[in-house]
Amino acid sequence: MHASTSRPLARPLAHPFARPFARARRRLGGWLDHLAPRGCALCGTALAPRAFPAFCTGCLLELPGARRARCRRCGQPTDAPAPACTACAAEAPPAVDATLVAADYAPPLDRVVTALKFGRQLPLARPLGELLAARWAGALHGEPLDCLVPVPLAPGRLAQRGFNQSLEMARAMSACLGPSFAPLPVLPRRLARLRDTPPQAGLALAERRTNLLGCFGCSGRLDGLRIGLVDDVMTSGSTVAEAARALKAAGATRVVALVVTRTA
Ligand SMILES: [Zn+2]
Ligand SMILES: [Zn+2]
């Protein structure tokens, strides 16, 4: 339950230590769980060692939109599960072949995403990555992937924030797909954001697409790869669609968007 939603999510990290801490935590892996058992990322309830994903049962059951029927292609809510909504059925060939949405961008999960990005609470990337991994294993296990690619930040934004939250979530997701699933390689530098774009908020759908046109580029070929494209928040879908076009132009055969939250 999230009775204690006013509770701080996690201790904020000083920016200069954010990246070394993330590296150390990844390397230490499960050992840290034994030394300092984790709490639910939303309410802080103590979890069993190696609990996966790191949310208590009550919070998992109450995640907004987690059990909503969605279009398999774009993740938009639908009346019943559908391979493609009306808009997706009209798009051929699709940029994004399938979309997995873990939950709606709504309280209380939006608070976790915001704390990760703007509060620099880097440890929150791990439960969010685990949540995606758990949803993928449950919903898209028939959707094989060869690697994970995070939606990149523009260089200016990356320098300002100190980390790319989508990369940190992709690493967490990859690391916890074992033991029955082989860990997926994460390719953090193959997709780049070539230019900074004005914020998408406040733009109409057509303007969002124009705003992003040609803003992603790939280094090297990705021939034949089935790629999981990881992002934290999906709004219109224009960003993942433009990123997917760049991946396919580099040879990717299939792109599956893996997004933690989608705005309703
Ligand atoms: Zn909880
Ligand atoms: Zn759709």
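A few remarks follow.
- Taking amide H positions as modeled 1.01 Å from N, with prolines and chain starts lacking one, the residues under 5 Å from Val186 and 5 or more places away or on another chain are Leu148.
- Rounded, prolate or oblate (a/c below 1.5 giving rounded, otherwise prolate when a/b exceeds b/c) for segment 175-238 by Cα gyration tensor: prolate
- Karplus (6.51, -1.76, 1.60) ³J(HN,Hα), θ = phi - 60°, over segment 73-78, in Hz, Gly and Pro reported as x: 6, 10, x, 5, x, 9
- Distance between modelled label sites at Glu143 and Ala69, nm, 7 Å Cα→Cβ extension: 1.8 nm
- Neighbourhood net charge (10 Å Cβ-Cβ; Lys/Arg +1, Asp/Glu -1) for Val230: -2
- Contact order relative to length of segment 46-103, as percent, for alpha carbon pairs under 8 angstrom and 6 or more apart: 28 percent
- Viscosity 1.306 mPa s, 10 °C: Kirkwood-radius Stokes-Einstein D of segment 50-207 over Cα pairs, µm²/s: 92 µm²/s
- Percent carbon-and-sulfur accessible area, segment 43-190, ignoring ligands, DNA and RNA, probe 1.4 Å: 58 percent
- Between Ala249 and Ala89, the contour length at 0.36 nm per residue exceeds the Cα-Cα span by 55.5 nm.
- Neighbourhood net charge (13 Å Cβ-Cβ; Lys/Arg +1, Asp/Glu -1) for Phe55: +1
- Amide H contacts under 5 Å for Phe216: Leu194, restricted to partners 5 or more places along the chain or on a different chain, H placed in the peptide plane at 1.01 Å from N.
- Averaged over its residues, segment 82-191 has an accessible area of 39 Å² per residue, based on protein heavy atoms and a 1.4 Å probe.
- Comparing Cα centroids, segment 207-232 and segment 102-150 end up 19 angstrom apart.
- The label point for Thr45 and the one for Thr210, both projected 7 Å from the Cα toward the Cβ, are 4.9 nm apart.
The values are calculated or read from the model by the stated rules, or taken from the named source; none is laboratory data. What you see is a predicted model; the values in this text were computed from it and never measured. Positions of Cβ are backbone-derived with ideal geometry, glycine not excepted, and every protein chain shown enters the neighbour counts. Accessible surface is based on the protein model in full, side chains and every heavy atom, while ligands, DNA and RNA are left aside. Shrake-Rupley method; radii C 1.70, N 1.55, O 1.52, S 1.80 Å.
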